[in-house]
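Okay, structure first, notes after.
No value in this document is a laboratory result; all are computed from the given coordinates. Because the structure is a prediction, the values reported are computed rather than measured. Positions of Cβ are generated from backbone atoms using ideal geometry, with glycine treated the same way; all protein chains shown enter the neighbour counts.
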Amino acid sequence: MLVGIIHFLALFVRFEFRISQKVLEKIKKNEPFVLAFWHGELLFQPFLFQRYADKKKFWVLISKHFDGEIISSVVRYFGIGALRGSSSKGGIRVLYHAIKKIENKECVVITPDGPRGPYHSVADGVVLLAQKASVPVVVSRVFYSNAWEFKSWDKFKIPKPFSKVVFIIKDPFFLEALELEAAKALVKERMEEDKCVF
């Protein structure tokens, strides 16, 4: 049902993808990376992954909370793999499996502020994964020209009919040389560089 709703909403918006040439080159060369996006921008992210599904396999880290199974079923529909676990439940195990996926030249997707926030905070997971796997982080942002905003911790948005949806996929960057807090600060800085794209 949720998949149907997503497809229905997509019928009434216009998509624009602004993807870094360096990211496109990595996909072409089959080089892995960690892709990060905010929890509140989840809605249409599967369309980005599906766009390159024939060239690159993506695995999404999904929490073991009650809504995790729903999200897992949605991402699988779009041809995306699901790795279940979070920093509080099954974190070490899911980190191990995520690294194995990266070693197999596949990409891992993570929401730095998920699954419980706070809003636009960066947890340790994205840094630990990128550093231990020795791969760069790629930031994916989604902006709506007009949207409804929920009163949830992640300020989840749904675009209004006939609005424009812009994906911004930024240049890869490495975290290997940084201490944990400095690396988290850099991730947050890169994820919040684009405030308005219209």
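Scanning the range 15-39 for residues that are closer than 24 Å to Lys157 by Cβ and out of contact with any Gly (no Cβ under 9 Å at 6 or more places or on another chain) yields Phe15, Glu16, Phe17, Arg18, Ile19, Ser20, Val23, Val34, Leu35, Ala36, Phe37. In the range 6-31, the residue that is surrounded by the most Cβ atoms within 10 Å (Cβ to Cβ) out of those that are aliphatic (A, V, I, L, M) and more than 18 Å from the chain's Cα centre (by Cα) is Val13. Out of the range 158-192, which residues are of a type in the set (A, V, I, L, M) and part of a helix (DSSP H, G or I)? Leu180, Ala182, Ala183, Ala185, Leu186, Val187, Met191 - these are the residues of the range 158-192 that are of a type in the set (A, V, I, L, M) and part of a helix (DSSP H, G or I). The set of residues in the range 6-31 being within 21 Å of Arg76 (Cβ to Cβ) and aromatic (Phe, Trp, Tyr) consists of Phe8 alone. Mind listing whichever residues of the range 99-157 are free of Cβ contacts under 8 Å to residues at least 60 places away in the same chain, out of contact with any Phe, Trp or Tyr (no Cβ under 8 Å at 6 or more places or on another chain), assigned to a loop (DSSP other than H, G, I, E, B) and among the charged types (D, E, K, R)? Listed by number, the list holds a single entry, Lys151. Under the condition of being touching a Lys or Arg at 6+ places or on another chain (Cβ under 8 Å) and either in a helix (DSSP H, G or I) or free of Cβ contacts under 8 Å to residues at least 24 places away in the same chain (or both), the residues counted in the range 24-60 number 4.
From the list Val3, Val34, the lone residue that is under 22 Å from Arg76 (Cα atoms), surrounded by 14 or more Cβ atoms within 10 Å (Cβ to Cβ) and touching a Leu at 6+ places or on another chain (Cβ under 8 Å) is Val34. Entry remark, the range 160-198: residues being farther than 14 Å from Phe37 by Cβ and within 18 Å of the chain's Cα centre (by Cα) number 11 in total. Residue count for the range 61-85 under the criterion of being among the aromatic types (Phe, Trp, Tyr) and either touching a residue at least 24 places away in the same chain (Cβ under 8 Å) or crowded, with 21+ Cβ neighbours inside 10 Å (or both): the result is 2. With the structure loaded, tell me whether Lys64 is under 23 Å from Lys188 (Cα atoms), more than 16 Å from the chain's Cα centre (by Cα) and not hydrophobic (A, V, I, L, M, F, W, C) or whether it fails that test. Against the criterion (under 23 Å from Lys188 (Cα atoms), more than 16 Å from the chain's Cα centre (by Cα) and not hydrophobic (A, V, I, L, M, F, W, C)), Lys64 does not qualify.
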